[in-house]
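**Q** Before I ask anything, here is the structure I am working with.
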Amino acid sequence: MECTCVRHTDLPHTTKLFADFVYHFDRVHQFYAHAPFDPAGYAAAAAEIDFPDERRAALVAALRDQNGESESLDRLTRPGTVAVVTGQQVGLFSGPAYTIYKALTAIKMARQLTERGIPAVPIFWLATEDHDFAEVNQFWTFDPGHSPVELTIRNTMRPPAGRWAGSRSPSIR
């Protein structure tokens, strides 16, 4: 498999603001409290967090209800622990590869912060109720000749009107 790095500026519809944020932060620094690639910025941002104990307890309780017990949630109960949060809208076959990369990046970032003395845990959420069937009923792959091919779920799988796509489970026969 060939791997290629694609700059954000090579992607269609990349905004100038985002491109400057990633590649020329000096041009947009006045809009942001901390530089995105400066480890000191993360330490400064973590020090600015004021998260009351009762809100922390409610957050952890809600996450435990959804996920069960975990070492990460035990760490999140401790004052001063920050969360590296990312997520993705659910799509057919779990969405594009960057969904996995986003989760792995949150894990890596939480580890790096912890190693620098900022206790951190990764949190990944799935946006299961914010999309409709037309957004998630297809995906793109490549055929043997490396040409893009769209694969689509039949319209018969469409959930009832007013229901999100996650409310419909396909039956496999």
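The values are calculated or read from the model by the stated rules, or taken from the named source; none is laboratory data. Because the structure is a prediction, the values reported are computed rather than measured. Note that we place each Cβ from the backbone using ideal geometry, even for glycine, and neighbour counts take in every protein chain shown. Areas reflect the complete protein model, heavy atoms only, side chains present, ligands, DNA and RNA absent. Shrake-Rupley method; radii C 1.70, N 1.55, O 1.52, S 1.80 Å.
**Q** Step by step: first the residues of region 85-107, then only those that are modelled with pLDDT of 90 or more and among the hydroxyl-bearing types (Ser, Thr, Tyr), then the one that is surrounded by the fewest Cβ atoms within 10 Å (Cβ to Cβ). Which residue is that? Step through it out loud before you land on a result.
**A** Step one: filter region 85-107 for residues modelled with pLDDT of 90 or more, giving 85-86, 103-107.
From the residues that got through so far, the ones that are among the hydroxyl-bearing types (Ser, Thr, Tyr) too are 86, 105.
Details: Thr86: 18, Thr105: 15.
Out of the qualifying residues, it is Thr105.
**Q** Which one of these does Val149 not meet: (1) of a type in the set (A, V, I, L, M); (2) surrounded by 15 or more Cβ atoms within 10 Å (Cβ to Cβ); (3) at pLDDT 85 or above?
**A** Condition (2) is where Val149 drops out.
**Q** A further question follows. Going by what's in this entry, would His13 be described as free of Cβ contacts under 8 Å to residues at least 40 places away in the same chain, out of contact with any Gly (no Cβ under 9 Å at 6 or more places or on another chain) and within 30 Å of Leu151 (Cα to Cα)?
**A** Working: free of Cβ contacts under 8 Å to residues at least 40 places away in the same chain: yes; out of contact with any Gly (no Cβ under 9 Å at 6 or more places or on another chain): yes; within 30 Å of Leu151 (Cα to Cα): yes.
So His13 passes the test.
**Q** Given the condition farther than 20 Å from Ile49 by Cα, open to solvent by 60 Å² or more (accessible area, probe 1.4 Å) and at pLDDT 95 or above, answer yes or no: does some residue in region 108-118 qualify? Break it down into steps so the answer makes sense when it comes.
**A** Going residue by residue through region 108-118, those that are farther than 20 Å from Ile49 by Cα are 108.
From what is left, the residues that are open to solvent by 60 Å² or more (accessible area, probe 1.4 Å) are 108.
Okay, now just the ones that are also at pLDDT 95 or above, so 108.
Yes.
**Q** Hey, among Leu104, Leu73, which residue is farther than 30 Å from Leu151 by Cβ and of a type in the set (A, V, I, L, M)? Spell out the reasoning first.
**A** Numbers: Leu104 fails: farther than 30 Å from Leu151 by Cβ.
None of the others qualify; the one that does is Leu73.
**Q** Pick out, from region 16-114, the helices (runs of 4 or more DSSP H) lying fully within it that include 2 or more residues that are more than 30 Å from Thr4 (Cβ to Cβ) and not hydroxyl-bearing (Ser, Thr, Tyr). Don't jump to the end; show me each part of the working.
**A** Working: elements: 16-23, 39-48, 53-67, 71-76.
Filter on region 16-114 gives 39-48, 53-67, 71-76.
**Q** Just give me the residues in region 48-84 being free of Cβ contacts under 8 Å to residues at least 40 places away in the same chain, surrounded by 10 or more Cβ atoms within 10 Å (Cβ to Cβ) and of a type in the set (Gly, Ala, Ser), in sequence order.
**A** Of everything in region 48-84, those that are free of Cβ contacts under 8 Å to residues at least 40 places away in the same chain, surrounded by 10 or more Cβ atoms within 10 Å (Cβ to Cβ) and of a type in the set (Gly, Ala, Ser) turn out to be Ala57, Ala58, Ala61, Ala62, Ser70, Gly80.
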